[in-house]
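No lab work stands behind these numbers, since they all come straight from the coordinates. Because the structure is predicted, anything quoted here is derived from the model rather than measured. A quick note on method: Cβ atoms are made from the backbone with ideal geometry, for glycine too, and the neighbour counts reach across all protein chains shown.
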Amino acid sequence: MGLNIILITGASSGMGRETARQLDKIYTDKIDEIWLIARRRDRLTELAGELSHSCHILEMDLNDKSNYEKLDAELKLLDANIKLLVNAAGFGAMGKFSEIDLDKQIDMVNLNCVALTAVTGIALKYMSDNARIMQFASSAAFLPQPGFSVYAATKAYVLSFSESLNAELKPRNISVTAVCPGPVDTEFFDVAGMTFGSFEIKKYFMANERDVVKEAIADTYHRKPTSVYSFPMKAFKAFCQTVPEEPIVFALEKFINRNKTDSDSKEDYEQ
Ligand SMILES: NC(=O)c1ccc[n+]([C@@H]2O[C@H](COP(=O)([O-])OP(=O)(O)OC[C@H]3O[C@@H](n4cnc5c(N)ncnc54)[C@H](OP(=O)(O)O)[C@@H]3O)[C@@H](O)[C@H]2O)c1
């Protein structure tokens, strides 16, 4: 296989874009091209202009399944050898399941789970031994989250899938690192909406994308199965692994609803 590449989805903003910026400085000679995927071409073009590597821009809606074939064909045509795959495309929607548009939630499952699985499956065909995969899961994967239920479930999928795949690919020395940050200050929260209770907790733990990505790249380089940035998130993971889940989930639900007024509650009751 000829062209050594890094393939990044979700490269137009936030942690995907930051990963491209940092990798651009780290891989100075071993990588021929960085491939950037997202829907916003203008953002990708702007990023490509900043990077010292030559970039291949793929303007793609990963919720459009016809793009999987296009990606496969492009990788084949250009004789790509993927050294590192970064799956960062994803979004969330805050609020109660019954209050969020159902199509939006289905799109979320499709992007966060189906597209990530499809891109990983396609990319594997163009990876030689010793390659690496970086999957953006989330600390939301550690615990079911009322008020963020579908998102947390999609990230639990990403974490579980990544850990199994990491074990399956050991014989080829291809490692899979599931990146599980807590809240990070990106456009993610503009897209997800800031529903009171849920965001109220998250804002206290908001991290900087540069620090999260720096640690994620180091953990991926060292072939760690997970990357959890910051002491509070590491403690949260340990807490979720030791304390029974049910009471925490109910406490979380109570906290999220605590600001409901009597009239809100009456309205709910009458519906
Ligand atoms: N920010 C956080 O607090 C946080 C915490 C833990 C984990 N994460 C996860 O980290 C990853 C990156 O999130 P972020 O914080 O960097 O968010 P972000 O700034 O909103 O970036 C999301 C990226 O996904 C792309 N994307 C969205 N829908 C797409 C679609 N249909 N097809 C192709 N690309 C699509 C967006 O590009 P276009 O809009 O241009 O398509 C954008 O580049 C996500 O998987 C997220 O779930 C985020």
Proxy reagent accessibility, fewest Cβ within 10 Å first, across 55, 240, 113: 240, 113, 55
Cα-based Rg and Dmax for the chain, where Dmax is the largest Cα-Cα distance (Å): 19.2, 66
Sorted by Cβ density within 10 Å, fewest first, the residues 6, 100: 100, 6
Amide H contacts of residue 227 (H built 1.01 Å from N, under 5 Å, at least 5 apart or other chain): 178, 179, 180
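What does the extension gain come out to for residue 130 and residue 42, with contour length at 0.36 nm per residue minus their alpha carbon separation?
28.4 nm
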Linear extension gain, residue 25 paired with residue 231, 0.36 nm per residue minus alpha-carbon span: 71.5 nm
For the chain, built as a Gaussian network whose Cα springs stay under 10 Å, the top-fluctuating residue of 82, 256, 106: 106
Inter-site label distance for residue 76 and residue 106 at 7 Å from Cα along Cβ, in nm: 3.0 nm
Phi to ³J(HN,Hα) by Karplus 6.51 cos²θ - 1.76 cosθ + 1.60 over segment 131-148, Hz, x for Gly, Pro: 6, 9, 10, 10, 10, 7, 8, 4, 5, 5, 6, 7, 7, x, 10, x, x, 7
Rounded Å value of the spacing that divides the Cα centres of segment 141-174 and segment 1-68: 23 Å
Helix-only mean residue ellipticity at 222 nm for the chain, each DSSP H run of n ≥ 4 adding -39500 (n - 2.57), per residue, nearest 500: -14500 deg cm²/dmol
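Restricting to DSSP loop positions (anything but H, G, I, E, B) with no more than 11 other Cβ atoms inside 10 Å of their own Cβ, which trypsin sites (Lys or Arg not before Pro) remain in segment 61-146?
125
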